[in-house]
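Reviewing the structure listed below.
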Amino acid sequence: QVQPVESGGGLVQAGGSLRLSCSASGRTFSNYAMGWFRPAPGKEREFVAAISWSGSNTDYADSVKGRFTISRDNAKNTVYLQMNSLKPEDTAVYYCAAVLTWDPSTVVAAPVAYELWGQGTQVTVSS
């Protein structure tokens with residue numbers, strides 16, 4: 001198994017940028033699809049972005065398309081979330097999650113499918 005650990009959160013003004021990192025221990029990192037989630041009004045968790053374990057496929061919530069980019073470096077056991085043009089409504093605790101997948105191109109967007117979760121990193125966007 002891998003244990004995700006998030007970092008990179010902080011306070012930023014609207015329109016600014018942050019890059020979140022999710023590092024994980026373990027020797028099977030390359031076989032895990034990864035995702036980023038955040039709480040949202042009326043929801044326990046809201047999908048933000050996800051990436052297949054090969055890195056070939058990605059998916060994004062409509063609210064962040066064109067602003068956020070997910071990527072991964074399997075050699076470093078790390079997945080990234082580059083967040084640009086941040087809005088106050090992006091304020092949340094961001095959680096990194098991992099799930100073992102058999103297909104290298106599978107992207108997992110459903111939070112209930114994820115097996116391993118980090119503790120979260122706070123992102124605050126001021127107006």
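Please go through the range 107-123 and pick out each residue that is at negative phi and open to solvent by less than 50 Å² (accessible area, probe 1.4 Å). Once the filter is applied, which keeps residues that are at negative phi and open to solvent by less than 50 Å² (accessible area, probe 1.4 Å), the range 107-123 yields VAL107, VAL108, ALA109, ALA110, PRO111, ALA113, TYR114, LEU116, GLY118, THR121, VAL123. Annotation: of all residues in the range 18-39 being over 15 Å from the mean Cα position of the chain (by Cα) and among the small types (Gly, Ala, Ser), the one that is most open to solvent (accessible area, probe 1.4 Å) is SER25. When restricted to residues that are in contact with a helix residue (DSSP H, G or I) (Cβ under 8 Å, 6 or more places away or on another chain), aliphatic (A, V, I, L, M) and more than 16 Å from ASP73 (Cα to Cα), the range 1-56 contains 1.
Let's see how each residue does on (1) of a type in the set (Phe, Trp, Tyr); (2) under 19 Å from SER17 (Cβ atoms):
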site	(1), (2)
PHE37	yes, no
TYR80	yes, yes
SER85	no, yes
TYR94	yes, yes
GLY118	no, no
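Tell me the residue from LEU86, LEU116, LEU81 that is among the hydrophobic types (A, V, I, L, M, F, W, C), touching a Gly at 6+ places or on another chain (Cβ under 6 Å) and in contact (Cβ under 8 Å) with a residue 40 or more places away in the chain, please.
Among LEU86, LEU116, LEU81, only LEU86 is among the hydrophobic types (A, V, I, L, M, F, W, C), touching a Gly at 6+ places or on another chain (Cβ under 6 Å) and in contact (Cβ under 8 Å) with a residue 40 or more places away in the chain.
Take the residues in the range 107-116 that are out of contact with any Asp or Glu (no Cβ under 8 Å at 6 or more places or on another chain) and assigned to a helix (DSSP H, G or I), then tell me which one is farthest from GLY42 (Cα to Cα).
ALA113
All conditions but one from (1) closer than 21 Å to TYR114 by Cα; (2) out of contact with any Leu (no Cβ under 9 Å at 6 or more places or on another chain); (3) in contact (Cβ under 8 Å) with a residue 60 or more places away in the chain apply to LEU11; the one that does not is (1).
Wholly within the range 63-106, which strands (runs of 3 or more DSSP E) include no fewer than the required count, namely at least 1 residues that are small (Gly, Ala, Ser)? Counting at least 1 such residues, we get 68-73, 92-100. Here SER71 fulfils each of the conditions (1) open to solvent by less than 60 Å² (accessible area, probe 1.4 Å); (2) of a type in the set (S, T, N, Q); (3) touching a residue at least 24 places away in the same chain (Cβ under 8 Å) apart from (3). Out of curiosity, is GLY55 on the phi > 0 side of the Ramachandran plot and either open to solvent by less than 60 Å² (accessible area, probe 1.4 Å) or assigned to a strand (DSSP E or B) (or both)? The answer is yes for GLY55.
Please verify whether GLU89 is open to solvent by 60 Å² or more (accessible area, probe 1.4 Å) and either of a type outside the set (Phe, Trp, Tyr) or over 22 Å from VAL2 (Cα atoms) (or both), treating the condition exactly as stated. It is true that GLU89 is open to solvent by 60 Å² or more (accessible area, probe 1.4 Å) and either of a type outside the set (Phe, Trp, Tyr) or over 22 Å from VAL2 (Cα atoms) (or both). Checking each residue in the range 92-105 for being among the polar types (S, T, N, Q) and exposed (fewer than 14 other Cβ atoms within 10 Å of the Cβ) picks out only SER105.
The values are calculated or read from the model by the stated rules, or taken from the named source; none is laboratory data. From a predicted model like this one, the values you see are computed outputs, not experimental measurements. Virtual Cβ from ideal backbone geometry, glycine too; neighbours counted across all protein chains shown. Ligands, DNA and RNA are excluded from the accessible area calculation, which covers all protein heavy atoms including side chains. Shrake-Rupley method; radii C 1.70, N 1.55, O 1.52, S 1.80 Å.
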